[in-house]
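Comments concern the structure below.
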Amino acid sequence: MPGRSYPRLAAAAAAGLLAATTGAADGAAAGPPADARTDLHAWSTRHDFAAGTAAGVAILAGLRPGIVVGEPAGTVTYHDPYLHTDRAYQYGTWTSPVHRLEFGATELVSSWNAQTPAGTWLTVELDATMEDGARTGWLDMGHWAAGDADIRRASVSPDAPPYGRVDTDTFTAATGHRVHAYRLRVTLYRAAGTLATPRLWRLGAVASTVPDRSQVPPSRPGPASRAGIELPVPAYSQRIHAGEYPQWDGGGEAWCSPTSTEMVVEYWGRYPSPEQLADVDPRYADPSVDVAARGTYDYAYQGTGNWPFNTAYAASYGLDADVVRLRSLDDVERLVAAGFPVVTSQAFDAGEIPGVDYRVDGHLWVVVGFTSSGDVVVNDPASDSDVQVRHVFPRRAFENVWLRTRWTRADGSTGHGSGGIAYLIRPHLAAPPPVAAPEERHG
C-alpha cells in the first residue's frame, strides 16, 4: 500500500537507482539520446555536512543527519517585500565543498529538503565556477519556508554578467559560457529570541547540458513495459479548482505542478495536516490540492510552477525530493518499475500528443506506468474531473515533447521544451510500495 516503509532498507538503494538514471559524473548515458549530459549531486550524510564549512549551525547525527541553527553566527533584520514587515532573525550558514563537473554545464537547478517550523526559513545560494576559472559570486536561488506567515517564499532571479543569470529557479549560462564546478550555501534563519530552527537534511543540484534539439531518437520499451506496471497513484484534476484562491494564481490551468506534486506525496502516504486542511474553504473538493498550491506559490514569480519550491513542498512531509534532468524514457521506465512515479515537465501544441487538445508553454503531469506495448500511462491533472485524469499516451509522442528543447509552433513561433526535467519524490529509508495487481487497479 502507499506509504509502507521498510526502515532496514539502506538509503543507498534509492541513491543507487537515482545515480543510474540521472547520470554519474562521467556523464555516461543509460539510453538515447546520448548527447545529453547531466550530473545530480547532493549533500545528505553526516560526513557530507562535516566536509563543508559551518558558521552558526550544528550537525545532527542519526538516521536522518542534517543541520540546524546552533550558536548563531549573527542577527539580521529582514524586510519582507510582500508582507511589508521587518523582523530580526538569528542565522547560521553551511557552505558545501566545491563539486567539480566532468563536462561544461549550461544549466543548473538546485534543490533542498528541509522542515521550517513557525518563525523560521532559509535561503539557498549558488557560486558557479566557469570555463575560464572565474566565479559568478553568490547568486540567490530562492527564499523558502513551508508556511507563509513569517516570510513569503520567493525567487530572486539575479544576474551574473557576463556568465549568465538565474531565471526563477534555473541558472542558465550565457552563450559561449559553461559551468565547470559549483558550491551551494544555505542560510538558516530563526526569529530572534526563539529556539525554533529549520532542519535541512538534503541540499543539491542537477547540472546539465542538453543540445538544442527538436527531435530525439526513439527508445525501446523497457522493464516497466514488459511487466505492464501501473502504480496506484491518486488522481487529482487541477481544472476543478478553477477560480479558487486568486492570491495563489487562481487554480485551474495554473495549478498543474502542485496538483502533480500532491498526487505523488499522497502516493507515499503523506497528507496535509488537519490544521492545513481547515484553512481550505469546505466547499472545495480535493482540499489537499489547495494546500499544495499555497505551499508552492512563489510570490515573485506569481505562480506555483517553481520547480524546487515544489520538491521542497514534498520534502516538508519528511520525504526526499529532487529536481532532476533525465536523459531518456528508459530512465523513467526503470524508476516506475522500481515503484517510483515520476513528475515530468513538457510543452506542446494541441494535437501533438493524440488525445491532448490543449496547448501549453509548460505543463507537469505524473508518469504512473507503462502498457505492455510501451505506451505511457499518465495522470494528467489538466482533465475535467478526477475520474478522467488517467490517460495513455503514445510512447513516441510523449518522449519527444518531454525531451526536446525547441520546436516550431503552428503559428511559426519557437516553442521551448524542458529537455527532460522531472521531479523525483520518494521516502527516506523506505522501499517503494507494492504494485497493485492488474485486476485491482481500476476495479
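Based on Cα contacts under 8 Å between residues 6+ apart, segment 223-441 shows a relative contact order of 28 percent.
Applied to segment 100-112, the Karplus parametrisation 6.51 cos²θ - 1.76 cosθ + 1.60 on θ = phi - 60° returns per-residue 3J(HN,Hα) values of 9, 9, 8, 8, x, 8, 9, 9, 8, 10, 8, 9, 8 Hz, with x for Gly and Pro. In a fully extended conformation the segment linking Asp132 and Thr45 would gain 28.2 nm over its present Cα-Cα distance, using 0.36 nm per residue. As a proxy for reagent exposure, ranking Ile240, Ile67 by other Cβ atoms within 10 Å from fewest up yields Ile240, Ile67. Candidate values [x] 59, 55, 50; [y] 73, 56, 43; [z] 82, 53, 43 were compared with Cα extents along the principal axes in Å computed on the shown model; the agreeing label is [x]. The residues packed around Thr296, meaning those with a beta-carbon under 12 Å from its beta-carbon, carry a net charge of -4 if Lys and Arg are +1 and Asp and Glu are -1. With each label modelled as a point 7 angstrom along the Cα→C-beta vector, the Leu63-Arg220 pair spans 4.1 nm.
For segment 187-334, the pair-distance distribution built from all alpha carbon pairs, in bins 10 Å wide starting at 0, is 9, 30, 34, 21, 5, 1 percent.
Ignoring the sites themselves, what is the longest stretch of the chain with no trypsin sites (Lys or Arg not before Pro) in a DSSP loop and at most 16 other beta-carbon atoms within 10 Å? After excluding every exposed loop site, the longest remaining stretch is 9-282. Across Asp132, Asp411, Asp48, mean-square fluctuation computed from a Gaussian network of the chain (C-alpha pairs under 10 Å connected) peaks at Asp411. The amide H of Gly56, built 1.01 Å from its N in the peptide plane, has Thr93 as neighbours under 5 Å, considering only residues 5 or more places off or on other chains. Across segment 143-160, computed HN-Hα scalar couplings (Karplus, 6.51 cos²θ - 1.76 cosθ + 1.60, θ = phi - 60°) run 9, 9, 8, 5, x, 10, 8, 8, 9, 9, 4, 7, 7, 10, 6, x, 8, 9 Hz from first to last residue, x flagging Gly and Pro.
Its relative contact order, with pairs defined as Cα atoms under 8 Å and 6+ residues apart, puts the chain at 20 percent. The mean sequence separation of alpha-carbon pairs under 8 Å and at least six residues apart, normalised by the residue count of segment 37-209, gives a relative contact order of 32 percent. Backbone geometry of segment 44-53 corresponds, through the Karplus equation with coefficients 6.51, -1.76 and 1.60 at θ = phi - 60°, to 3J(HN,Hα) couplings of 8, 10, 4, 4, 4, 5, 5, 7, x, 10 Hz, x marking Gly and Pro. Gain on full extension, evaluated as 0.36 nm per residue between Asp384 and Thr408 minus their Cα-Cα distance, stands at 5.8 nm. All other residues whose Cβ lies under 9 angstrom from that of Ile151 are scored, Lys and Arg at +1 and Asp and Glu at -1, for a net of 0. Our note on the geometry: Cα centres of segment 368-433 and segment 122-138, 32 Å apart. By the count of other C-beta atoms within 10 Å, a proxy for reagent exposure, Phe171, Phe348 are ordered fewest to most as Phe348, Phe171. When the Gaussian network model of the chain links Cα atoms closer than 10 Å, the mean-square fluctuations of Ala42, Ala337, Ala134 top out at Ala134. Can you tell me which of Ala145, Ala173, Ala50 moves the most in a GNM of the chain? Springs connect C-alpha atoms under 10 Å apart. Between Ala145, Ala173, Ala50, it is Ala50 that shows the largest mean-square fluctuation.
Read-outs throughout are calculated quantities, based only on the coordinates presented, and are distinct from any laboratory measurement. Here the structure is a predicted model, which is why all the values come from computation and not from measurement. Please note: Cβ atoms are built from the backbone with ideal geometry, for glycine as well, and neighbour counts cover all protein chains shown.
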